[in-house]
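Computed from the coordinates by the stated procedures, all read-outs in this text should not be read as laboratory data. All figures in this text were calculated on a predicted structure; none of them were measured in a lab. Reconstructed Cβ throughout: ideal geometry from the backbone, glycine too, with neighbour counts over all protein chains shown.
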Amino acid sequence: RRVGPGAPLLDYKGFAGGYYDWKSYTNFSYSAGPFAAGLRWRHLPSVKAQDYLVAPCTSTRCFADTPSHDMFDLYGNYRLNDTFSIRGGVDNLFDKDPPVTRGIPGSTDPQTYDIIGRRYYFAITASF
């Protein structure tokens, strides 16, 4: 990716802003009869500040890497009969705060990390 016309091509892989070398989304689920439940694990590896794509860290200007981040969600559903089912869950089960980016307190990337915190949901579904 280039930051401007004629600028050198920069490899953003491994830098903040969602440019990960890799990331992991894993689901563990179980079902028995009308019941199903699962645990989702989202892992984002540590990344460097984008500032270092164009200027190296110096003794007067250096930002901390963003640490790796793990979040867990719990969900389940139950089919009451042929018409109705209920489902619910908890996102961000352990209410984990988003990581600090660039080493600046209070700074994070809301497009990548959950800034809302733990939340619950519940629904009833009717199929006709």
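Note on Gln111 and Asn81: the model spin-label points, each 7 Å out from Cα along the C-beta direction, lie 4.9 nm apart. The spacing between region 67-128 and region 2-38, judged by their C-alpha centroids, is 16 Å.
Would you please put 5-11, 111-117 in order of how densely packed they are, using the mean number of other Cβ atoms within 10 angstrom per residue and starting with the highest? Provide the component values of the computation, followed by the final result.
Details: 5-11: 8.3, 111-117: 13.6.
The most tightly packed comes first, giving 111-117, 5-11.
Relative contact order for the chain: 20 percent, from Cα pairs under 8 Å spaced at least 6 residues apart, divided by residue count.
Each residue of region 89-97 was assigned a 3J(HN,Hα) from its phi angle through the Karplus curve 6.51 cos²θ - 1.76 cosθ + 1.60 (θ = phi - 60°); the sequence is x, 10, 8, 6, 3, 9, 6, 7, 6 Hz, with glycine and proline shown as x. Computed over the alpha carbons of the chain, Rg followed by Dmax gives 20.4, 67 Å. Amide H contacts of Val47: Thr66, each under 5 Å away and 5 or more positions distant or on a separate chain (H built 1.01 Å from N in the peptide plane; Pro and chain starts excluded). Between Ala7, Ala55, Tyr25, the Cα set farthest toward the positive side of the dipole of the chain (charges on each charged residue's Cβ, about the Cα centre) is that of Ala7.
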